[in-house]
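Right, one structure below, let's go through it.
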Amino acid sequence: MKVGCMILASGQGRRFGSNKLLADLCGQPLLTHTLKHLPAGVFFKTLVVTRWPQVARLCADQGVACLLHDREDRSDVIRLGIRYMEGMDGCLICQGDQPLCRPESLTRLTEAFRRQPRCIHRLAWQGVGASPVLFGAEHFAALASLPPRTGGSAVLKAAPQLVCLTEAEDPLELWDADTPEALERIARALQSQSLP
């Protein structure tokens, strides 16, 4: 089975106050940490979807495919990205500001999908689902036709009986960097646990 990975990196950063994806995190841009924690050899395609030319340049420097767009609505962003996943059996949708997701957890999430390809698989902590989320190809049409101002959660809500959870190894894997304070907390976790 071919599984792709789409990384959403188009946020306006209003709560953060600037482009958080390029913010310094222990000497590297935040997005760099997210990219390097993707497990090697698991995803057939990887795509970063962004509205930021600086992010596109970062991806080019790291040899990661990137779709640069001028859309503002998140439904449009997902629609653009899911088209790139044509031919995939599934697609993991990640947030660019979740740099602590471990490769092992993403691998287990993908393995769970391979065992149950009709389900929608979410990384979770203590039974509470979060991002990233892995959708099978049968959900691509729904993702490509999301109403304005909605994200993949609309597909989850439409088919709650299909949602399966994969427990993360640690709750910090689900942390995101919506604010500078949240980024500082992530930086402390990286430093104290000597995470790569």
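The values are calculated or read from the model by the stated rules, or taken from the named source; none is laboratory data. Computed from a predicted structure; not experimentally measured. Cβ placement follows ideal geometry from the backbone for every residue including glycine, while neighbour counts extend to all protein chains displayed. The protein model used for the area step is the full one, side chains on, heavy atoms only, and it has no ligands, DNA or RNA in it. Shrake-Rupley method; radii C 1.70, N 1.55, O 1.52, S 1.80 Å.
Report yes if some residue within region 157-175 is crowded, with 16+ Cβ neighbours inside 10 Å, hydroxyl-bearing (S, T, Y) and either touching a helix residue (DSSP H, G or I) at 6+ places or on another chain (Cβ under 7 Å) or in a loop (DSSP other than H, G, I, E, B) (or both); otherwise report no. Looking for residues that are crowded, with 16+ Cβ neighbours inside 10 Å, hydroxyl-bearing (S, T, Y) and either touching a helix residue (DSSP H, G or I) at 6+ places or on another chain (Cβ under 7 Å) or in a loop (DSSP other than H, G, I, E, B) (or both), one finds at least one in region 157-175, hence yes. When the residues of region 115-137 are filtered to those that are of a type in the set (D, E, K, R) and outside any strand (DSSP E or B), the one that is surrounded by the fewest Cβ atoms within 10 Å (Cβ to Cβ) is R115. With respect to the conditions (1) aliphatic (A, V, I, L, M); (2) in contact with a helix residue (DSSP H, G or I) (Cβ under 9 Å, 6 or more places away or on another chain); (3) in a helix (DSSP H, G or I); (4) farther than 23 Å from W175 by Cβ, M88 lacks only one, and its number is (3).
Filtering region 12-31 for residues that are of a type in the set (S, T, Y) and open to solvent by less than 50 Å² (accessible area, probe 1.4 Å) leaves an empty set.
Give me the pairs: first residue in region 85-97 and closer than 22 Å to L30 by Cα and of a type in the set (D, E, K, R), second residue part of a loop (DSSP other than H, G, I, E, B) and open to solvent by less than 10 Å² (accessible area, probe 1.4 Å), beta-carbon distance under 9 Å, and six or more apart or on different chains, which are they? Going by the 9 Å Cβ cut-off, the qualifying pairs are D97/A177.
Looking across region 1-24, the residues that are farther than 18 Å from P53 by Cα and modelled with pLDDT of 95 or more come down to K2, V3, G4, C5. Please indicate, with yes or no, whether at least one residue in region 176-183 is at pLDDT 95 or above and of a type in the set (D, E). No, the conditions are met nowhere in region 176-183.
Conditions (1) in a strand (DSSP E or B); (2) open to solvent by less than 80 Å² (accessible area, probe 1.4 Å); (3) not acidic (D, E), marked per residue:
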site: D70; (1), (2), (3): no, no, no
site: I93; (1), (2), (3): yes, yes, yes
site: E104; (1), (2), (3): no, no, no
site: F113; (1), (2), (3): no, yes, yes
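Out of all the residues in region 55-67, is one or more in a loop (DSSP other than H, G, I, E, B), in contact (Cβ under 8 Å) with a residue 12 or more places away in the chain and farther than 20 Å from S153 by Cα? Yes, region 55-67 has at least one match. Evaluating K45 against the criteria (1) closer than 24 Å to R79 by Cα; (2) buried (at least 18 other Cβ atoms within 10 Å of the Cβ); (3) touching a residue at least 40 places away in the same chain (Cβ under 8 Å); (4) under 16 Å from the mean Cα position of the chain (by Cα) leaves one unmet condition, (2).
Looking at the structure I just gave you, is L143 of a type in the set (A, V, I, L, M, F, W, C), in a helix (DSSP H, G or I) and open to solvent by less than 10 Å² (accessible area, probe 1.4 Å)? The answer is yes for L143.
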